[in-house]
1. Once you place label points 7 Å from the Cα toward the Cβ at residue 162 and residue 178, how far apart are they in nm?
2. How much length would be gained if the chain were fully extended between residue 66 and residue 192, taking 0.36 nm per residue of separation minus their Cα-Cα distance, in nm to one decimal?
3. Can you check how the C-alpha radius of gyration of the range 156-211 compares to 2.2 N^0.38 Å, as a plain ratio?
4. For residue 281, project a label point 7 Å along Cα to C-beta. Then give me every residue of the range 236-259 with its amide nitrogen under 18 Å of that point.
5. Could you check the spin-label model distance between residue 136 and residue 50? Points 7 Å from the Cα along Cα→Cβ, value in nm.
6. Per 10 Å bin from zero, what fraction in whole % of the C-alpha pairs of the range 213-307 is there, up to the bin with the longest pair?
7. Would you mind estimating how fast the range 16-86 diffuses translationally, via Stokes-Einstein at 10 °C and 1.306 mPa s with the Kirkwood radius over Cα pairs, in µm²/s?
8. Where does the range 119-209 land on Rg/Rh, using Cα atoms and the Kirkwood Rh?
């Protein structure tokens with residue numbers, strides 16, 4: 001079964017437990033056979049146990065059984081569902097997708113943005129991460145016609161602007177000697193993937209959230225240092241950002257009639273600077289000065305391009 005299909009079943013089971021709080025395996029099966037996913041076939045106990053283990057492994061959600069109350073299954077750490085993490089975001093997104101799938105009559109009344117998909121690549125990366133296997137990937141580069149191959153240790157997957165990236169240790173030879181470094185690859189540029197027999201050990205002290213905590217997106221290797229950034233945001237953009245922070249470090253410094261000053265501590269990398277430029281007149285850099293000058297210069301260059309006669 002494809003990983004995408006398994007994920008649908010995982011999410012369905014989590015949603016069911018969230019809705020009922022506690023439910024027996026027999027009651028789970030009664031609900032399960034009513035879904036299109038089941039094909040009218042009951043869920044085997046062994047399948048349920050595998051799903052339970054996978055849900056704990058992928059989402060950190062523990063499904064426990066109250067044997068003293070008629071063998072009722074429930075989410076043992078329900079608080080995790082309220083945390084602001086990638087896991088809860090995935091749960092919410094996939095849960096909505098499942099609900100629409102189970103109500104196909106609504107397909108033409110729900111619009112989604114297109115996102116690049118490659119199930120085989122995603123499946124391979126998930127398997128490599130679960131089994132801690134090194135992976136040989138071939139990827140596209142815009143400036144060359146050949147397909148370079150590299151060996152990586154897949155540490156994690158990260159989504160940014162509707163694109164998936166794999167992050168991990170990259171191994172390559174420099175002057176005849178093998179060296180390793182951290183790297184990110186966009187899944188839509190990976191054209192081939194092969195699981196290797198060689199295993200790797202994920203460092204016990206590796207914390208993916210801590211590693212990316214000072215970054216806005218996926219550019220993490222350009223040498224930009226973390227520093228205090230203050231943005232002045234205007235109108236409805238400011239109101240929206242109060243409820244949907246741009247970064248976890250966001251703090252509100254000052255509110256005026258038509259603007260709000262937000263403070264951040266992060267690395268103002270290219271993807272962060274491009275975001276500011278994209279907001280146009282709705283966002284202005286107050287500090288640091290070098291960043292304000294660069295954004296101003298980019299806006300002037302853009303205006304110049306439109307003003308020049310072709």
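What follows draws every value from the coordinates through simple rules; no lab data is involved. All values derive from a computational prediction rather than experimental measurement. When we count neighbours, we look across all protein chains shown, and the Cβ atoms used for this are built from the backbone with ideal geometry, even at glycine.
1. 4.0
2. My answer for the length gained is 40.8 nm.
3. The value comes to 1.30.
4. Those under the cut-off are 236-239, 257-259.
5. 2.8
6. Reading the bins upward from 0: 16, 49, 29, 6.
7. Answer, rounded: 122 µm²/s.
8. 0.95
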